[in-house]
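The values are calculated or read from the model by the stated rules, or taken from the named source; none is laboratory data. Nothing here was measured: the structure is a model prediction, and the numbers come from that model. Cβ: placed from backbone, ideal geometry, glycine included. Neighbour counts: every protein chain shown.
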Amino acid sequence: MTKQAKIQSNGNPDKSLETWIWDAACSIRGAQEAPKYKNYILPLIFVKRLCDVFDDEIQRIAAKVGSRKKAFQLVALDHNLVRFYLPLQPDDPDQPVWSVIRTLTGSIGEDLTTYLRAIAKENPQLNGIIDRVDFNATTHGVRDIDDDRLSNLIEEISKKRLGLKDVEPDIIGRSYEYLIRKFAEGSGQSAGEFYTPKEVGILMANIMDPQPGMTVYDPTCGSGGLLIKCQLRMEEQHPDATPLKLYGQEYVPDTWAMANMNTIIHDMDAAIEIGDSFKNPKFRSAGGLQTFDIVVANPMWNQDWFTETDYDKDELGRFDDAGYPGRKADWGWMQHILASLKSTGRAAVVLDTGAASRGSGNAHTNKEKTVRQWFVEQDVVEGVIYLPENLFYNTSAPGIIILLNKAKPAERRGKFVLVNASREFKKGDPKNYLPDDSIERIAEAVQGWEDVEKFATVVETAALVKNDYNISPSRYVHVADEEEYRPISEIVDELNTIAEEASEVEEILQLILAQLGA
């Protein structure tokens, strides 16, 4: 299989490799416990790939200089001869580099930690990525992963070689993604912090359809999956073309490390920064934000810890026009993403369904609706896709994908394509998923820009104004045969919004009464 192979949501590029990689993960304490140890397992498989590729490079040099011993000596003097220099050399230079780790005995956790830190020291781009885990760590005096289990894991990982001649970057990369997905399935609420369902990422990449050499950015990149799927889509459509330039920022250190390992093992060149891209975006240019051709993102839904002060303190002009969106940050993220787009840029952003409708139909002023109204009136929203329920690992609620386009074609200005894909799923375990034909159908509806009965419609701005800037496809495309109904999730969101507004009024009233009493 080559890089030009078609990307499918449910296809397995190398079932045996995926089975092996999952079996290795389960060797610690079984499938139920494996996700708890992802921060140990992922770096080890990553280092196995580094060792085997380094071995191949040593062998290539040895063929020219006469022996592996001389090859090791040469790369020790000139690290530029290899992509990653590993300060690991077996006592017998003819033995695999990985054997240095495989033959560890005694203080395995301590020695393994030392080796990985030595590798990171020699390769600055791996700093904080493979050396952040202490394999000898204890909790209340008990080892988090004891040497026996660590030895079992190393032995399982040793069963397959991951060198250049054994497995191509896309195969090992997709298998690594498979492992991350398996961890997500068993991680409950925390899964949403690092993983967007594979088929949702493929759908977004297909709709964005990135072209060779484009810049693609994800401000909440998790494990990097959305960026990687954009590159895979581009390779599928344009074999051997100039690769994309990938940029991501991630707040959680362990997840940031995961994203870096994921892009490197896919053999993709990506700049992944660490930090809060809402409060401190790292990608800047000439005092402002760096801008990109495409943005793909799945920010945490309904974040409520950003205050009006955080918006007021912004010096990058991200929130100057549309204003403060209220307690929930969904449209704050949309403002950041819009400001991160070039004048011809486009974006696909996953949000909670409530972001499309909260505040609409409410007699009171609603800050979130006001920001949404601004986006509609600026004509930068190209479309909205209503996804099925129970796709995402941290919630059973459906999500939406909002599509932005700063340079809508003349024939699409003042119009919006709305797709109700709520029925486009198959039952899975533990989650539903979008099958390949549904991905294709949704993408075609967006790109075709025409009405499809009980599935998609193109509306003008006037229709959104009439519905008080409710942009949820479920409001305009009814998939059921019975009477019109509203999704329960939207009704719950509206009730929550009313409750929040009532709470705000109560706070103001109490403040006024306190002042009068004084």
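What the table below lists for this structure:
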| quantity | calculated |
| --- | --- |
| Residue selected from the range 353-393 under the condition in a loop (DSSP other than H, G, I, E, B) and of a type in the set (A, V, I, L, M, F, W, C), by the criterion farthest from Ala445 (Cα to Cα) | Ala363 |
| Residue list for the range 406-432, restricted to those being modelled with pLDDT under 95 and either touching a helix residue (DSSP H, G or I) at 6+ places or on another chain (Cβ under 8 Å) or not assigned by TED's automatic domain parsing to the domain that holds Ala480 (or both) | Pro430, Lys431 |
| Test: residue in the range 303-313 that is in a loop (DSSP other than H, G, I, E, B), touching a residue at least 24 places away in the same chain (Cβ under 8 Å) and surrounded by 23 or more Cβ atoms within 10 Å (Cβ to Cβ) | no |
| Some residue of the range 49-64 being crowded, with 18+ Cβ neighbours inside 10 Å, modelled with pLDDT of 95 or more and more than 19 Å from Pro93 (Cβ to Cβ) | yes |
| Total residues in the range 360-382, condition on the phi > 0 side of the Ramachandran plot and more than 28 Å from the chain's Cα centre (by Cα) | 1 |
| Some residue of the range 138-150 being farther than 24 Å from Ile272 by Cβ, part of a loop (DSSP other than H, G, I, E, B) and of a type in the set (D, E, K, R) | yes |
| Hey, Glu273 over 16 Å from Pro169 (Cα atoms) and of a type in the set (D, E, K, R) or not | yes |
| Subset tally (residues that are polar (S, T, N, Q) and either touching a residue at least 12 places away in the same chain (Cβ under 8 Å) or touching a Phe, Trp or Tyr at 6+ places or on another chain (Cβ under 6 Å) (or both)) for the range 67-87 | 1 |
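Okay, residues lined up against (1) free of Cβ contacts under 8 Å to residues at least 24 places away in the same chain; (2) closer than 21 Å to Leu246 by Cα; (3) in a helix (DSSP H, G or I):
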{"site": "Leu153", "(1), (2), (3)": "no, no, yes"}
{"site": "Lys165", "(1), (2), (3)": "no, no, no"}
{"site": "Asp170", "(1), (2), (3)": "no, yes, yes"}
{"site": "Tyr195", "(1), (2), (3)": "no, yes, no"}
{"site": "Gly201", "(1), (2), (3)": "no, yes, yes"}
{"site": "Pro212", "(1), (2), (3)": "no, yes, no"}
{"site": "Cys221", "(1), (2), (3)": "no, yes, no"}
{"site": "Ile228", "(1), (2), (3)": "no, yes, yes"}
